[in-house]
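FYI, it's all coordinate maths here, none of it is from the lab. Because the structure is a prediction, the values reported are computed rather than measured. Here Cβ is always computed from backbone atoms with ideal geometry, including for glycine, and neighbour counts include all displayed protein chains.
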């Protein structure tokens with residue numbers, strides 16, 4: 001397997017892993033968002049889903065280990081690639097101007113991947129502390145999942161930080177989704193425009209979708 | 001009588017690779033708008049020589065936009081404000097009277113400054129030596145029609161082969177990545193039947209060499225494509241990624 005490790009350690013190989021882990025994490029976002037939408041159906045539907053999910057202990061453990069590995073690879077490579085890229089230019093320009101005549105909707109966003117990635121990571125840690133580890137100073141005792149979600153989301157600090165997380169994720173995916181296809185060599189001219197638009201719509205749907213729960217909690 | 005320009009130039013001066021560089025400001029007056037950018041630099045150097053100062057070193061050769069030797073960053077843009085144009089083909093009519101023009105060398109760790117605006121681009125040569133060739137038997141030239149090339153493939157290969165190796169892609173990239181150059185060189189051979197036998201080995205070796213030369217990685221910003229004087233498309237980068245992916249999975253280890 002040496003050949004595989006060597007091939008994936010190159011600059012092109014690292015971008016493959018970045019793209020594949022990124023797209024798999026997009027898959028996780030879709031499943032997570034679909035589950036969360038049950039909040040809008042009824043408290044019972046959401047509670048039943050939450051209880052059923054948590055009764056699958058082995059499955060959940062495999063999924064969590066898998067997700068953790070995806071995040072670790074994605075984040076480690078972000079740092080590794082950023083370090084390589086910074087070393088590639090040791091003296092910066094006195095003046096820089098783009099030559100892209102009409103910047104496409106997603107192009108300039110590539111400069112924001114690290115910053116938005118950090119916000120998403122911060123949000124993720126808070127989110128796990130809130131819901132999984134129940135580490136914040138809420139009264140978690142005896143609450144059903146629906147009531148727990150409303151209680152956490154109604155907190156003003158949560159609202160601000162969760163909204164920031166959703167917006168950062170939106171921006172991150174606006175570049176990340178279509179960029180992953182280019183990194184994997186799949187952005188052939190015949191599908192390029194379609195994939196770029198799917199990326200923009202997907203990012204918007206995920207960002208608005210997750211952000212909507214905060215707004216919804218306000219009126220509960 | 002054509003118009004003339006009075007200009008302020010801020011030029012990067014660096015005596016040698018190890019010396020500390022800095023911008024020097026020069027005033028030029030009476031520059032004809034019909035001059036090319038390099039002719040304007042020639043005029044500056046005439047003045048400097050007459051004053052007993054060291055002229056500004058800059059690379060140039062054909063001055064016809066085909067050799068890829070010239071190239072400086074002009075007001076933050078590789079090869080200046082025009083698209084699909086080399087520095088030698090940029091003309092002073094693109095500037096206005098009283099303009100300040102900032103002139104810098106390509107900035108990349110892999111392209112160390114030799115002197116002033118001249119950088120060492122031999123990293124590109126070493127990438128080419130790693131795999132940017134086809135191995136053919138010497139002897140009589142093969143019959144012209146012995147290997148048929150579909151017109152569509154020939155067009156794509158020629159589009160990629162238009163790369164003049166000037167390094168503007170590296171200069172424009174925020175990561176100083178050489179992906180557009182390497183992808184053009186991989187593509188021009190991968191598409192043609194003559195390039196097929198060494199296809200997998202070529203892409204693995206050229207990418208490995210590119211990394212050894214410390215070029216950055218591609219973040220799909222596409223500044224390279226916009227800066228390229230030969231209009232090389234980033235679709236070549238997608239092809240390079242595809243070639244690499246295939247070579248990684250289904251070829252003998254190099």
task: Once you have a ≥ b ≥ c as the square roots of the Cα gyration tensor eigenvalues for the stretch B:40-134, tell me rounded if a/c is under 1.5, and otherwise prolate or oblate according to whether a/b is larger than b/c.
output: prolate
- prompt: If you average the sequence gap of Cα pairs under 8 Å that are 6 or more apart and divide by the length of the stretch B:4-104, what percent do you get for the contact order?
  reply: 34
- prompt: Of all the C-alpha pairs in chain B, what % are more than 31 Å from each other?
  reply: 33
statement: In degrees rounded to 10, the 0-90 angle between helix A:156-183 Cα long axis and the longest Cα principal axis of chain A is 40
message: So, R0 is 22 Å and r is the distance between the beta-carbons of residue B:148 and residue A:3; what FRET efficiency does that work out to, to 0.05?
response: 0.05
statement: If B:106, A:170 are placed from fewest to most neighbouring beta carbons inside 10 Å, the sequence is A:170, B:106
- prompt: Roughly what would the spin-label model give for residue B:18 and residue B:158, points 7 Å off Cα along C-beta, in nm?
  reply: 5.0
- prompt: By how many degrees, 0 to 90 and rounded to 10, does the Cα axis of helix B:37-50 deviate from the longest principal axis of chain B?
  reply: 50
Debye-sum result for chain A in log10 I(q)/I(0), which assumes one identical scatterer on each alpha carbon, at q = 0.10, 0.12, 0.13 Å⁻¹: -0.54, -0.76, -0.88
message: Within a 10 angstrom radius of the beta carbon, how do B:223, A:44, B:104, B:39 rank from fewest other beta carbons to most?
response: A:44, B:39, B:104, B:223
- request: Report the calculated FRET efficiency for residue A:128 and residue B:201 (r = Cβ-Cβ distance, R0 = 41 Å), to the nearest 0.05.
  value: 0.35
query: With a 10 Å Cβ neighbour count serving as the proxy for reagent exposure, in which order, fewest first, do A:150, B:234, B:149 appear?
result: B:149, A:150, B:234
task: Could you sort A:18-26, B:40-48 so that the peptide with the highest average Cβ count within 10 Å comes first and the rest follow in order?
output: A:18-26, B:40-48
field: Computed lengthening from residue A:53 to residue A:76, 0.36 nm per intervening residue step minus Cα-Cα distance
entry: 5.3 nm
field: Length gained when the stretch residue A:147-residue A:32 is fully extended (0.36 nm per residue, less Cα-Cα span)
entry: 39.6 nm
- prompt: Could you give the distance between the Cα centres of the stretch A:179-204 and the stretch A:1-52, to the whole Å?
  reply: 18
query: Over all distinct Cα pairs, what is the inverse of the mean 1/r for the protein assembly as shown, reported as the Kirkwood hydrodynamic radius in Å?
result: 25.4
- request: Return the single residue from A:165, A:199, A:142 with maximal mean-square fluctuation; model: Gaussian network over chain A, springs between Cα atoms under 10 Å.
  value: A:142
Chain B, relative contact order in percent, only Cα pairs under 8 angstrom and at least six apart counted: 19
- prompt: Do you know the relative contact order of chain A, to the nearest whole percent, from alpha carbon pairs under 8 angstrom that are 6+ apart?
  reply: 27
